[in-house]
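The values are calculated or read from the model by the stated rules, or taken from the named source; none is laboratory data. Since the model is a prediction, treat every value here as computed from it, not as a measurement. Ideal geometry is used to build each Cβ from the backbone, glycine not excepted, and the neighbour counts take in all protein chains shown. For accessibility, only protein heavy atoms count, side chains too; no ligands or nucleic acids. Shrake-Rupley method; radii C 1.70, N 1.55, O 1.52, S 1.80 Å.
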Amino acid sequence: FLKKIDIHVITNSNIGINTSINGICVTNDNLIWVSYSTNHVKLFDSAGNILRSVDLEQIPVFNCCTPNGDLLFTQGYANDARAEVIMVPREGDPRPLVDLSSYAKNLCGLLCQEEMIYIVCHGKAPLKYFVIKLDMEGDVKETYRASPKNVNINHIISHYDRLYVMGTNNSCLFPLENDIISTKEKVNKVSLRDTSSASACVDNHGNVLLCSASTIYVVDPSLQCVHKIRTEFSSSIRTTAVDHRDQLWIGTYDGNLHAAHNISI
């Protein structure tokens, strides 16, 4: 495992005052969607060239890619956030995919897998969290609820094709089993209380990456051990993603997008 990586800046052109990068996700054909806190998304190729730049009416916070490379995003916990999933096509104008306000107050992490969309939802009252499963047209197919006790979650990942939700205050993983979120015991032995679960991603080798300040934490495929990669960023790391060529993409609080080539985490 590497303790330090060679990182170069892809772009440092802020698109507004107080810009930060909220999310990064990778398409099946290795293009990179980047979401900014200034109601904006960009699509890059793997060399860092901008292919598309889109202004939005909402702030994109959590994001994922559809199988054909469109972007889906939600707004997280903002006070004025809508319980909508917004689609940004690779070509064409952004549009709402589905309004889930009858189910939830806020929508957080989301993931596409096997032509289905899974979304972490924050309930209206009493305070609770659950996951909704949609088809690609936005129709609700199933609901997963926390059992036997409520847990605070905000993100969802796929690890070797198994789905897990992540605790908001540490890196605990809880699997989706049948129609419940199994909270009987956490799957992994690693607990990183200072990391942001909203930033978590999984690389091509089954490592789970999280970040805190200028450090990237790598949980190995067994989910039992953690390794640290220290960087020299002056701004905090907000999000990471690994593309299909094992290139690590890093978005920071100051709006800069970085990439590390030929990593072997």
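The single condition from (1) buried (at least 20 other Cβ atoms within 10 Å of the Cβ); (2) touching a residue at least 40 places away in the same chain (Cβ under 8 Å); (3) not acidic (Asp, Glu) that residue 159 fails is (1). Of everything in the range 68-84 that is assigned to a loop (DSSP other than H, G, I, E, B) and under 17 Å from residue 44 (Cα atoms), the residue that is farthest from the chain's Cα centre (by Cα) is 68.
Here residue 82 does not qualify as closer than 20 Å to residue 54 by Cα, modelled with pLDDT of 95 or more and either open to solvent by 20 Å² or more (accessible area, probe 1.4 Å) or not acidic (Asp, Glu) (or both). Take the residues of the range 162-194 that are surrounded by fewer than 18 Cβ atoms within 10 Å (Cβ to Cβ) and not in a loop (DSSP other than H, G, I, E, B): which is modelled with the lowest pLDDT? So, considering only residues that are surrounded by fewer than 18 Cβ atoms within 10 Å (Cβ to Cβ) and not in a loop (DSSP other than H, G, I, E, B), the one modelled with the lowest pLDDT is 177.
Take the residues in the range 223-244 that are assigned to a loop (DSSP other than H, G, I, E, B) and at pLDDT 90 or above, then tell me which one is surrounded by the fewest Cβ atoms within 10 Å (Cβ to Cβ).
Residues of the range 223-244 assigned to a loop (DSSP other than H, G, I, E, B): 223-225, 231-236, 243-244.
Filter once more, so that each one left must be at pLDDT 90 or above: 243-244.
Values: 243: 19, 244: 12.
Looking at residues that are assigned to a loop (DSSP other than H, G, I, E, B) and at pLDDT 90 or above, I get 244.
A single member of 10, 24, 5 is surrounded by 17 or more Cβ atoms within 10 Å (Cβ to Cβ) and at pLDDT 95 or above, and it is 24. Within the range 85-95, the residues that satisfy the criterion of being over 19 Å from the mean Cα position of the chain (by Cα) and either of a type in the set (Asp, Glu) or more than 14 Å from residue 52 (Cβ to Cβ) (or both) are 91, 93, 95. Scanning the range 107-139 for residues that are open to solvent by 10 Å² or more (accessible area, probe 1.4 Å) and either assigned to a strand (DSSP E or B) or in contact with a Gly (Cβ under 8 Å, 6 or more places away or on another chain) (or both) turns up 111, 112, 113, 116, 118, 122, 129, 133, 135. Filtered by the rule that a residue be touching a Gly at 6+ places or on another chain (Cβ under 8 Å) and farther than 22 Å from residue 157 by Cα, the range 38-80 gives 38, 40.
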